[in-house]
Amino acid sequence: MKGLAAANLKMNLTGQQTLSLVKNYIKLIKKTKQDVVVCPSYTALPLVAPVIKKSRLQLGAQDVFYEQKGAFTGEISTDMLKELGCRFSIVGHSERRNYLKETDELVNLKVKWALKAGITPILCIGEDAYSRDGGESFSFVEKQLKACIAGVEKKNIHKVALAYEPIWALSTTANRRDITSREITQMHNYIRKILKDVYDVMAAAQVRILYGGSVNEQNISEILKAENVDGVLVGAASLDARKFARIVAAFDARK
Ligand code: 13P
């Protein structure tokens with residue numbers, strides 16, 4: 001299975017700033033064999049799209065709505081994203097769950113809609129410090145994952161990329177903590193087992209499970225020692241092209 005390195009630029013850069021970052025990505029990731037995706041702000045998508053056409057880089061959005069058109073002020077449809085060449089979209093990011101109160105039910109609608117439209121959802125799941133400290137991280141993630149993939153058929157589950165992003169390990173979380181590769185292994189193995197229980201071994205094996213939470217050029221080799229890490233979703237470090245390129249290179253160097 002090819003690795004998937006995705007950059008979530010969040011709400012950090014203007015279109016022009018995104019463009020110069022992306023041009024540097026392209027130079028630095030020329031030889032990669034992985035899938036590399038950049039998810040900029042909506043306003044940057046039409047600027048970035050033509051520039052990445054002949055490169056290894058693919059385009060993703062940071063969110064998507066679950067209806068095709070109509071009275072949904074401020075939302076964006078799969079057709080609008082596809083017109084710009086977006087093949088991926090993050091859904092259910094913890095920041096949207098937190099600030100915009102997105103629920104598992106809403107995220108589930110987005111996952112199913114994206115799949116129907118041929119967009120790969122990068123579905124984010126992960127517990128906060130409260131659940132982790134209460135010993136409930138596994139039950140929390142299980143409930144969240146099952147709710148978010150409810151109704152996704154076995155034949156389609158391989159089209160979903162899952163991103164385990166424990167909120168307590170994100171670079172922007174106050175009093176954040178480092179995660180160990182053992183903790184990543186435990187959760188990623190558990191996620192694979194949930195998929196096996198819901199679907200079967202074959203289907204579960206085809207789903208890419210990404211890790212996200214303060215991934216950077218220094219900790220990537222440790223993270224890659226964990227089991228069942230098929231990719232990464234990178235926030236802060238993706239704002240620096242050299243750092244992001246080194247993360248991508250670590251996947252290429254992996255045996
Ligand atoms: P950081 O890499 O900054 O912790 O962000 C992770 C993230 O939220 C990616 O979606």
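The values are calculated or read from the model by the stated rules, or taken from the named source; none is laboratory data. Just so it is clear, the structure is predicted and the values come from calculations on it, not from any experiment. Virtual Cβ from ideal backbone geometry, glycine too; neighbours counted across all protein chains shown. Keep in mind that these areas ignore ligands, DNA and RNA; they rest on the heavy atoms of the full protein, side chains included. Shrake-Rupley method; radii C 1.70, N 1.55, O 1.52, S 1.80 Å.
These residues, H158, H93, go from largest to smallest accessible area, 1.4 Å probe, as H158, H93. With the convex hull drawn over the C-alpha atoms of the range 143-212, the volume per residue is 90 Å³. Any chance you could check the Cα centroid distance between the range 169-206 and the range 48-115 for me, in angstrom? The range 169-206 and the range 48-115 have Cα centres spaced 23 Å from each other. Considering all C-alpha pairs of the chain, those separated by over 31 Å amount to 18%.
Give a quick list of chymotrypsin sites (Phe, Trp or Tyr not before Pro) in the range 1-101 that DSSP marks as loop, anything other than H, G, I, E or B, with at most 14 other Cβ atoms within 10 Å. Qualifying residues, ordered by number: F72.
Given the Cα-Cα distance of K27 and N189 and 0.36 nm per residue of separation, how much length would full extension add, in nm?
Details: separation 162, 0.36 × 162 = 58.32 nm, distance 3.48 nm.
Between K27 and N189, full extension yields an extra 54.8 nm.
To the nearest 0.05, how large is the calculated FRET efficiency for D200 and Q16 if R₀ is 41 Å and r is the Cβ-Cβ distance? FRET efficiency, D200 to Q16: 0.30.
In the chain, helices alone account for a calculated mean residue ellipticity at 222 nm of -12000 deg cm²/dmol, with every DSSP H run of four or more residues adding -39,500 (n - 2.57). Rounded if a/c is under 1.5, else prolate if a/b is larger than b/c, else oblate: which is the range 2-74, with a ≥ b ≥ c the root eigenvalues of its Cα gyration tensor? Since a/c reaches 1.5 and a/b is larger than b/c, the shape of the range 2-74 is classed as prolate.
Sequence-distant contacts, meaning Cα pairs under 8 Å at least 6 residues apart, place the relative contact order of the chain at 21 percent.
Qualifying trypsin sites (Lys or Arg not before Pro) in the range 1-101, where qualification requires a DSSP coil assignment and no more than 15 other C-beta atoms within 10 Å, comprise K2, K30, K31, K33, K53, K54, K69, K101.
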